[in-house]
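Structure first, commentary second.
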Amino acid sequence: MTRIAIVGGGLGGLTLARVLHTRGITSTVHELDASPTARDQGGTLDLHEESGRRALAEAGLTGQFRAIAREEGEALRILDHDGVVRFEEGAEASGGTRPEVDRGALKRILVESLPDDVVRWGTKVTAVSAGRLTLSTGEVVEADLVVGADGAWSKVRPLLSAAVPVYSGLSFVEAQLSDVDEQHPAVAALVGPGSMFALAGGKGLIAQRNGGGRIRVYAAVKNEDPAAVTGLADRARLLEVFADFDAGLRALLEESDDTLIPRPIHALPAGHRWDRVPGVTLLGDAAHVMSPFAGEGANLAMLDATELALALAAHDDVESALAAYEAALFPRAEEAARDSADNLEACFRPDAPAAMVEQMLAHAHR
């Protein structure tokens with residue numbers, strides 16, 4: 001029996017464990033978080049039919065997904081800094097092909113689909129080598145395959161590649177509003193049931209309606225120094241940066257909950273790949289972290305996991321499976337990474353939001 005150790009219990013690692021489980025293959029997930037709800041799981045995702053939703057189908061979880069999906073969340077609005085709507089599309093325009101789902105809810109159905117002993121919560125991996133994990137307890141875990149599903153700053157990636165994520169030139173400050181329909185009705189109406197982008201040369205306010213009456217806001221600022229975003233995690237300073245935005249848009253920041261979280265956006269080089277190293281591979285952000293402007297991060301992580309699980313099920317030996325998996329992974333990830341980088345530049349051009357509006361109009365008229 002092949003011993004498979006997955007480092008990282010995010011959406012990618014959990015999807016891999018689940019699809020393997022449905023094929024009768026056991027694995028163990030080593031996750032630093034003490035539980036699935038130990039920290040905030042992030043905002044909402046639109047799951048794409050060819051990637052995230054395919055992964056859930058292979059995992060046998062389509063019904064569970066439908067129970068938590070929000071098709072109304074597919075709605076989109078693009079505004080300029082004066083609050084003028086430059087593009088709007090209702091959820092029905094996409095025909096229900098990209099329903100939104102909260103990350104926390106999606107993680108929950110994946111965790112619930114696994115036997116209790118698959119995920120080892122609160123496990124800190126301190127050292128990794130091909131075929132071996134060392135834990136903070138001193139325990140050594142032997143494995144025939146180590147999979148790095150441990151995100152942008154992966155501890156597994158150095159076994160395969162010297163590449164490290166590079167700052168993209170863009171930073172987010174994340175905020176959140178709670179009970180928006182009762183406490184912030186004007187903001188709720190401005191954002192609508194889905195996502196809203198308000199862009200003006202070099203900066204923007206991006207808002208997403210989440211479940212449970214919440215709106216998550218990302219104040220985006222182009223800045224060459226990633227350390228500078230720490231200073232923007234101050235409401236008064238952030239409002240100064242967005243002083244030229246309409247008062248209704250600024251309310252997204254003025255009325256938000258107390259905690260502001262700085263998030264510099266990093267990415268691996270588009271086209272990142274590695275030579276085949278026996279007994280180890282990567283998936284998701286560990287393999288191809290990119291900016292969120294292609295909407296592919298979680299979708300690709302889940303697709304990577306599915307493709308890897310299916311390759312392991314279809315091949316008699318691990319190395320043949322990994323070779324087949326990586327041959328498909330590399331070009332798929334490169335295309336998405338280039339799209340992500342191009343979209344970031346388009347969204348924050350001096351004439352924003354013109355490029356994003358043009359792109360959405362072209363897509364709508366196909």
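The values are calculated or read from the model by the stated rules, or taken from the named source; none is laboratory data. This structure is a prediction, so every number in the text was calculated from the model and none was measured. FYI the Cβ positions are ideal-geometry reconstructions off the backbone, even for glycines, and counts take in every protein chain you see. Side chains are part of the model used for accessible areas, which takes the heavy atoms of the whole protein and leaves out ligands, DNA and RNA. Shrake-Rupley method; radii C 1.70, N 1.55, O 1.52, S 1.80 Å.
Considering only residues of the range 268-284 that are part of a loop (DSSP other than H, G, I, E, B) and of a type in the set (A, V, I, L, M), which is farthest from A17 (Cα to Cα)? For the range 268-284, the residue satisfying everything is A270. So for the range 311-319 (the condition being surrounded by fewer than 23 Cβ atoms within 10 Å (Cβ to Cβ) and under 25 Å from D46 (Cα atoms)), does at least one residue qualify? The answer is no; no qualifying residue exists. Within the range 11-36, the only residue that satisfies the criterion of being in contact with a helix residue (DSSP H, G or I) (Cβ under 8 Å, 6 or more places away or on another chain), surrounded by fewer than 24 Cβ atoms within 10 Å (Cβ to Cβ) and of a type in the set (A, V, I, L, M, F, W, C) is I25. No other residue among R86, R39 is part of a loop (DSSP other than H, G, I, E, B) and at negative phi apart from R39. Selection of first residues in the range 152-163 that are touching a residue at least 24 places away in the same chain (Cβ under 8 Å) and buried (at least 17 other Cβ atoms within 10 Å of the Cβ) and of second residues that are part of a loop (DSSP other than H, G, I, E, B) and of a type in the set (G, A, S), restricted to Cβ pairs under 7 Å at least 6 apart or on distinct chains, gives the following pairs, ordered by first then second residue: L159/A130. Looking at this structure, is A287 open to solvent by less than 70 Å² (accessible area, probe 1.4 Å), at pLDDT 95 or above, in a loop (DSSP other than H, G, I, E, B) and among the small types (G, A, S)? Answer is no for this residue. Out of curiosity, is L110 surrounded by 19 or more Cβ atoms within 10 Å (Cβ to Cβ) and touching a helix residue (DSSP H, G or I) at 6+ places or on another chain (Cβ under 8 Å)? So L110 fits the description; yes. Only one entry of R209, R273, R235 meets the criterion of being of a type in the set (K, R), in contact (Cβ under 8 Å) with a residue 12 or more places away in the chain and open to solvent by less than 50 Å² (accessible area, probe 1.4 Å), and that entry is R209. Restricting attention to the range 185-194 and to residues that are touching a residue at least 12 places away in the same chain (Cβ under 8 Å) and open to solvent by 20 Å² or more (accessible area, probe 1.4 Å), the residue that is farthest from L253 (Cα to Cα) turns out to be P193.
Of the residues examined, E72 is not one that is under 27 Å from Q359 (Cβ atoms), more than 16 Å from the chain's Cα centre (by Cα) and part of a strand (DSSP E or B).
Say whether the condition of being touching a strand residue (DSSP E or B) at 6+ places or on another chain (Cβ under 8 Å), within 22 Å of Q41 (Cα to Cα) and not in a loop (DSSP other than H, G, I, E, B) is met by at least one residue in the range 153-171. Within the range 153-171, one or more residues are touching a strand residue (DSSP E or B) at 6+ places or on another chain (Cβ under 8 Å), within 22 Å of Q41 (Cα to Cα) and not in a loop (DSSP other than H, G, I, E, B). Just one of the listed residues (E182, E142) is within 30 Å of A17 (Cα to Cα), over 22 Å from the mean Cα position of the chain (by Cα) and surrounded by fewer than 16 Cβ atoms within 10 Å (Cβ to Cβ), namely E142. Within the range 214-232, track down each residue that is open to solvent by less than 40 Å² (accessible area, probe 1.4 Å), at pLDDT below 95 and either of a type outside the set (A, V, I, L, M, F, W, C) or out of contact with any Leu (no Cβ under 8 Å at 6 or more places or on another chain) (or both). Listed by number, the residues that qualify are A228, V229. I'd like the full set of residues that are part of a strand (DSSP E or B), of a type in the set (D, E, K, R) and without any contact (Cβ under 8 Å) to a residue 24 or more places away in the chain, limited to the range 108-146. R132, the sole residue that qualifies. Filtered by the rule that a residue be in contact with a Gly (Cβ under 9 Å, 6 or more places away or on another chain) and exposed (fewer than 14 other Cβ atoms within 10 Å of the Cβ), the range 337-366 gives P350, D351. Can you tell me which residues in the range 87-104 are touching a residue at least 60 places away in the same chain (Cβ under 8 Å), out of contact with any Lys or Arg (no Cβ under 6 Å at 6 or more places or on another chain) and surrounded by 20 or more Cβ atoms within 10 Å (Cβ to Cβ)? Matches in the range 87-104: A91, D102. In the range 297-339, how many residues are touching a Ser or Thr at 6+ places or on another chain (Cβ under 6 Å) and among the small types (G, A, S)? Count: 1. Exactly one residue out of T259, T306 is β-branched (V, I, T) and part of a helix (DSSP H, G or I), and it is T306. Residue count for the range 316-366 under the criterion of being free of Cβ contacts under 8 Å to residues at least 40 places away in the same chain and part of a loop (DSSP other than H, G, I, E, B): the result is 4.
Of everything in the range 37-58 that is among the small types (G, A, S) and at pLDDT 95 or above, the residue that is surrounded by the most Cβ atoms within 10 Å (Cβ to Cβ) is A55.
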